[in-house]
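Shown next, in structure tokens, is the structure this report addresses.
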Amino acid sequence: MKKFLPGWVTLVLAAGLLVAGGLMLLPSATAYDAVTTNASVELFMEVFSRTSVTYVDSVDSQELIEAALRGMLESLDPNSVLLSPEDYENLRIQLSGSFEGVGITIGIRDDWLTVISPVEGTPAFRAGMKAGDRIVQIDGESTEGITSTEAVMRIRGPRGSTVELNVVRPGLSDSLLFTIERDVIDLPSVTASFMIDDETGYIRLSRFGEETSKEVRNALQGIEDSGASSLILDIRGNAGGLFSAAVEVADYFLPSGTLVVSTRGNAVGVDNYYTSKGILFAGEIALLVDGGSASSSEILAGALQDNSAATLIGSRTFGKGSVQTLMDLGEFPNLGHYGVKLTTARYYTPSGSSIDRTLEDDYMNGDQLDDSLATWGILPDIELESQEVSGSLPAELFLGSVFFNFATDYVLQNDISEDFWPDSTTLSDFRDYLVQQGFEWEEGEFTDNIFYIERALFAEIAARVWDREMYYRLMTPHDDGIQRALQYLREGA
């Protein structure tokens, strides 16, 4: 089976393309095409040469070429892109599901390199690093002005080697020095799997990678062993990944020989993908989807919906119905290892529907399409109204890292119980914190967004106290999608 990555990549060259000595040859090109192509290349080099020599400011040749290539690919569709050496390596790591490092998620907060969260069970977690820690030095070198990408490249390294991280922690007057031995860090696809009640299992599937099929199989076996006769499978916010992983997961819920998805493309032709193993879980299934469910998630959703294997609950999916192929361009002297991600096909659900929103004329023209008229994406069987934020306050709080910073202080000053939820006392403390930070708002802005504020506070506080599975366990009573799925499974449509 070919390995495609809708929205991401596959590790095959597009059929019909031959790369030799840096020249891409199209065997079907006519003499007229060759003449036109050569003239176009001459035009490009002429403009490039004049720009390099005569532009008002000095320009970097590599940056000019990269910008031209990015512009060429972006003119095709939003998903065809040039991958710089850093992009290529990061994408390879995400798809493989593991890398060698210390196991922390980092970002820039208040101009400082900051730990967003340590990954449970990793060297950084075992060493005692915490969310909110500010990394001020890496191996004795200051991180002032560093970008997240630069920091990642410096912190990662081969298994068994060490890295020294000098950390300033809120609430402590002295800095902390962590000497951490790097190890292999796994990136799980299944971030939570547990029983909600005696009959209902819950699986949170966050991505589709090389290990997804095995992780889902193990999770299904675990909830069946615990007595599950029904399942809530949550792919909300799952932006996709490996095409093959989506087909393999669908195989667990569909009879052998069932059509999962079809792909069609000018260069790759038409392919149909069928199940081969037979049903692993035969209970009632509620599949949670939303506008963040894209690509491989939509392959799974379309297959289960069209074959009446699950009831979809939530909101219309994103509409990312195209297949990208990763082309390894190799190492270029003094430049690095490049790749290109090119759309080579669109995929179609078993009923023959294309869900790709790039087929919408209004979308391609940049106009906002009335959702009631849209045909892209997958419409769930049971639609839920989404809670909308009101005004600018939520965005200001998020972009200003206010929830993050409040949570860092809050867990230092409070004991967090296992039935925690931001109550009136927590919200009052948060209001006081906003005042201290100089925020001003209309009272209605706070009360109208209480749904968003409560969940943002809970997410940040929970991340400092529990692992992701415990987070989802505690979130269950407050999650409208999960509660509606439970209602459906218990009472029927």
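The values are calculated or read from the model by the stated rules, or taken from the named source; none is laboratory data. No experiment lies behind these values; they were computed from the predicted model shown. FYI the Cβ positions are ideal-geometry reconstructions off the backbone, even for glycines, and counts take in every protein chain you see. SASA here: full protein model, heavy atoms, side chains in, ligands and nucleic acids out. Shrake-Rupley method; radii C 1.70, N 1.55, O 1.52, S 1.80 Å.
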Among the residues in segment 206-223, are any in contact (Cβ under 8 Å) with a residue 24 or more places away in the chain, open to solvent by less than 30 Å² (accessible area, probe 1.4 Å), among the aliphatic types (A, V, I, L, M) and within 16 Å of ASP479 (Cβ to Cβ)? no
Residue count for segment 211-255, restricted to those that are on the phi > 0 side of the Ramachandran plot and within 17 Å of the chain's Cα centre (by Cα): 3
Options ASP197, ASP174, ASP183: the member that is open to solvent by less than 50 Å² (accessible area, probe 1.4 Å) and closer than 30 Å to GLY132 by Cβ: ASP183
Only one of these conditions is not met by ASP367: (1) modelled with pLDDT under 85; (2) within 19 Å of ALA294 (Cβ to Cβ). Which number is it? (2)
Within segment 230-283, count every residue that is crowded, with 19+ Cβ neighbours inside 10 Å, polar (S, T, N, Q) and not in a strand (DSSP E or B). 4
What helices (runs of 4 or more DSSP H) lie completely within segment 382-480 and have 3 or more residues being open to solvent by 70 Å² or more (accessible area, probe 1.4 Å), farther than 30 Å from GLY492 by Cα and without any contact (Cβ under 8 Å) to a residue 24 or more places away in the chain? 424-436
Which is over 30 Å from GLY438 (Cα atoms), at pLDDT 90 or above and either crowded, with 19+ Cβ neighbours inside 10 Å or of a type in the set (Val, Ile, Thr) (or both), of LEU342, LEU312? LEU312
So VAL168, is it among the hydrophobic types (A, V, I, L, M, F, W, C) and open to solvent by 50 Å² or more (accessible area, probe 1.4 Å): yes
Selection within segment 195-237 - over 18 Å from LEU304 (Cα atoms), out of contact with any helix residue (DSSP H, G or I) (no Cβ under 8 Å at 6 or more places or on another chain) and aliphatic (A, V, I, L, M): ALA219, ILE223, ALA228
What are the pairs, 6+ residues apart or on separate chains, where a residue within segment 302-319 that is in a helix (DSSP H, G or I) has its Cβ under 6 Å from a residue that is among the hydroxyl-bearing types (Ser, Thr, Tyr)? GLY302/THR349; ASP306/THR349; ASP306/SER351
Any strands (runs of 3 or more DSSP E) falling wholly within segment 81-187 and containing at least 1 residues that are in contact with a Phe, Trp or Tyr (Cβ under 9 Å, 6 or more places away or on another chain): 81-83, 104-109, 112-118, 134-138, 162-168, 183-186
When you look at ARG357, is it surrounded by 12 or more Cβ atoms within 10 Å (Cβ to Cβ), of a type in the set (Lys, Arg) and modelled with pLDDT of 90 or more, yes or no? no
Tally of residues being open to solvent by less than 50 Å² (accessible area, probe 1.4 Å) and part of a helix (DSSP H, G or I) across segment 481-493: 6
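Conditions tested, residue by residue: (1) open to solvent by less than 70 Å² (accessible area, probe 1.4 Å); (2) at pLDDT below 80.
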{"position": "LEU95", "(1), (2)": "yes, yes"}
{"position": "PHE99", "(1), (2)": "yes, yes"}
{"position": "ILE104", "(1), (2)": "yes, no"}
{"position": "PHE125", "(1), (2)": "no, no"}
{"position": "GLY140", "(1), (2)": "yes, no"}
{"position": "THR143", "(1), (2)": "yes, no"}
{"position": "ILE146", "(1), (2)": "yes, no"}
{"position": "ALA151", "(1), (2)": "yes, no"}
Determine whether ALA286 is open to solvent by less than 10 Å² (accessible area, probe 1.4 Å) and assigned to a helix (DSSP H, G or I). no
Kindly evaluate PHE451 against the criterion of being more than 24 Å from the chain's Cα centre (by Cα), of a type in the set (Phe, Trp, Tyr) and modelled with pLDDT under 95. no
Go through the residues of segment 52-63 one by one and say whether even a single one is surrounded by 15 or more Cβ atoms within 10 Å (Cβ to Cβ) and either more than 22 Å from LEU335 (Cβ to Cβ) or not charged (D, E, K, R) (or both). no
Just the residues that are over 15 Å from GLU396 (Cβ atoms) and at pLDDT 90 or above, please, taken from segment 420-446. PHE420, TRP421, PRO422, ASP423, SER424, THR425, THR426, LEU427, SER428, ASP429, ASP432, GLN436
Could you please give the count of residues in segment 127-151 that are touching a residue at least 40 places away in the same chain (Cβ under 8 Å), under 13 Å from THR114 (Cβ atoms) and among the β-branched types (Val, Ile, Thr)? 0
For the structure I just gave you, tell me whether ALA228 is of a type in the set (Gly, Ala, Ser) and either within 30 Å of TYR348 (Cβ to Cβ) or at pLDDT 95 or above (or both). yes
For residues in segment 320-339 being open to solvent by 20 Å² or more (accessible area, probe 1.4 Å) and in a loop (DSSP other than H, G, I, E, B), which is nearest to PRO350 (Cα to Cα)? LEU335
Scanning segment 259-275 residue by residue, the ones that are free of Cβ contacts under 8 Å to residues at least 60 places away in the same chain and closer than 18 Å to SER308 by Cα total 2
